[in-house]
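Below you'll find the structure, written out as structure tokens, and then a few comments.
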Amino acid sequence: MAEPTSAAGAVPVDSVPEFSPHPVEAQLLRGRRALVTGGDSGIGAGICLELAAHGAAVAINHLGGADTAREMVARIEGSGGRALAVPMDVSREQDVSQAFAQARRELGGLDLLVNNAGLEHPYELTEMPLEAWQKVIDVNLTGAFLCAREAARTMRADGVRGVIVNISSVHEQIPWIGFSHYCASKGGMKLFAQSIARELAPHGIRVVAVAPGAIATPINADVLADPKKSGEVQAEIPLGRWGEVSDVARAVAWVASEQADYVVGTTLFVDGGMTLYPRFV
Ligand code: BGC
């Protein structure tokens with residue numbers, strides 16, 4: 001079963017990956033200041049390290065204990081980068097305004113938000129308690145709204161031509177039994193992103209979605225530990241392998257960079273072809 005919260009899937013501190021910056025001439029985000037929600041686990045942690053490797057200063061959001069986030073900060077700063085740990089529950093308005101104020105103050109502004117925090121926990125419709133529905137919508141969708149609103153306010157106030165990257169899912173498109181709340185949140189995220197992309201583009205702020213497929217992270221630990229279930233997922237991927245966190249993190253760094261300056265309001269699927277309906281013949 002999937003982990004119920006992103007914090008529950010936090011990378012154990014002793015397994016925080018080594019960090020080394022990319023060569024300066026290969027860095028895409030030098031001088032950029034980023035905030036990544038759910039930054040201390042799974043895909044979020046990979047994104048933080050990749051953005052930092054590209055020269056960005058990174059505010060690493062965590063929900064529970066700060067140990068992993070602090071360890072990541074130490075690794076990044078130990079290699080000459082800039083990072084800080086920022087506590088926030090993305091579904092709480094007050095937390096969000098405090099966290100963005102902290103990031104803006106300590107980094108001197110904000111150029112990039114990655115709306116990554118999310119959770120999943122399966123229930124078939126007839127069994128789903130309202131609280132389970134509400135929690136997923138609150139974190140995945142309302143959290144993305146609160147953070148995007150705060151980021152856009154900050155960027156506009158500072159006259160920054162920034163980027164908002166939403167970490168969506170193949171399930172903004174593929175229906176998933178037992179995860180109707182999750183699919184509703186990701187489908188909602190898609191039209192939310194497209195609508196604010198239209199609002200913000202005239203201000204020079206780009207909004208883009210990156211949609212991972214099946215990625216080997218703590219959120220999928222139970223499926224990965226079961227060869228039968230893991231094989232069934234693999235059969236849904238034309239490329240024939242689970243994705244790595246780095247597959248997603250590299251895509252995020254690129255869409256966030258000036259190289260993607262004309263990419264607006266679209267979803268980049270990073271899924272090995274999962275959205276191509278491989279079992280349909
Ligand atoms: C979910 C994963 C799942 C993948 C493909 C993602 O959005 O977080 O748990 O493996 O979609 O179904």
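Amide H contacts under 5 Å for Ile215: Gly243, restricted to partners 5 or more places along the chain or on a different chain, H placed in the peptide plane at 1.01 Å from N. Between Ser79 and Asp158, the C-beta separation translates, for a Förster distance of 25 Å, into a calculated FRET efficiency of about 0.35.
Probe of 1.4 angstrom, ligands and nucleic acids ignored: what's the accessible area per residue over segment 13-280, in square angstrom?
45 Å²
Taking θ as phi - 60° and the Karplus parameters 6.51, -1.76 and 1.60, the scalar couplings of segment 239-244 work out to 6, x, 8, 5, x, 9 Hz in sequence order, x denoting glycine and proline. The 3J(HN,Hα) values that the Karplus relation (6.51, -1.76, 1.60; θ = phi - 60°) gives for segment 167-180 are, in residue order, 8, 8, 5, 4, 7, 7, 10, 9, x, 9, 4, x, 10, 5 Hz. Gly and Pro appear as x. Shown in residue order for segment 150-161 are the 3J(HN,Hα) couplings computed by the Karplus curve 6.51 cos²θ - 1.76 cosθ + 1.60 at θ = phi - 60°: 5, 5, 5, 4, 5, 4, 5, 4, 8, x, 9, 8 Hz (x for Gly and Pro). Only the Cβ atoms of Lys and Arg (+1) and of Asp and Glu (-1) were treated as charged; on that basis the dipole of the chain about its Cα centre amounts to roughly 860 debye.
Once the Cβ-Cβ distance between Glu244 and Glu106 is put in as r, and R0 is 51 Å, what FRET efficiency do you end up with, to the nearest 0.05? It would help to have the intermediate numbers written out before the result.
Working: r = 31 Å, r/R0 = 0.60.
Once the sixth-power term is evaluated, E becomes 0.95.
Taking amide H positions as modeled 1.01 Å from N, with prolines and chain starts lacking one, the residues under 5 Å from Asn166 and 5 or more places away or on another chain are Asn115, Val208, Ala209, Val210.
Entry note, segment 13-280: relative contact order of 18 percent, from Cα contacts under 8 Å with a spacing of 6+ residues. For the chain, leaving out every one of the GluC sites (Glu not before Pro) that falls in a DSSP loop and has at most 12 other Cβ atoms within 10 Å, the longest unbroken run is 125-281. Placing a label point 7 Å from the Cα of Ala26 along the Cα-to-Cβ direction, the residues of segment 36-78 whose backbone N falls under 11 Å from that point are 54. Around the amide H of Ala83, modelled in the peptide plane, lie the amide H atoms of Val58, all under 5 Å away and 5 or more residues distant in sequence or on another chain.
Using the empirical formula 2.2 N^0.38 Å as the baseline, the Cα radius of gyration of segment 13-280 reaches a ratio of 0.96. Element breakdown for segment 153-281 at a 1.4 angstrom probe: carbon and sulfur atoms account for 57% of the accessible area.
The values are calculated or read from the model by the stated rules, or taken from the named source; none is laboratory data. Just so it is clear, the model here is predicted, and its values are computed rather than measured. Using ideal geometry, Cβ is built from the backbone for each residue, glycine included, and neighbour counts are taken over all protein chains shown. Just the protein is used for accessible areas: all its heavy atoms, side chains included, with ligands, DNA and RNA removed. Shrake-Rupley method; radii C 1.70, N 1.55, O 1.52, S 1.80 Å.
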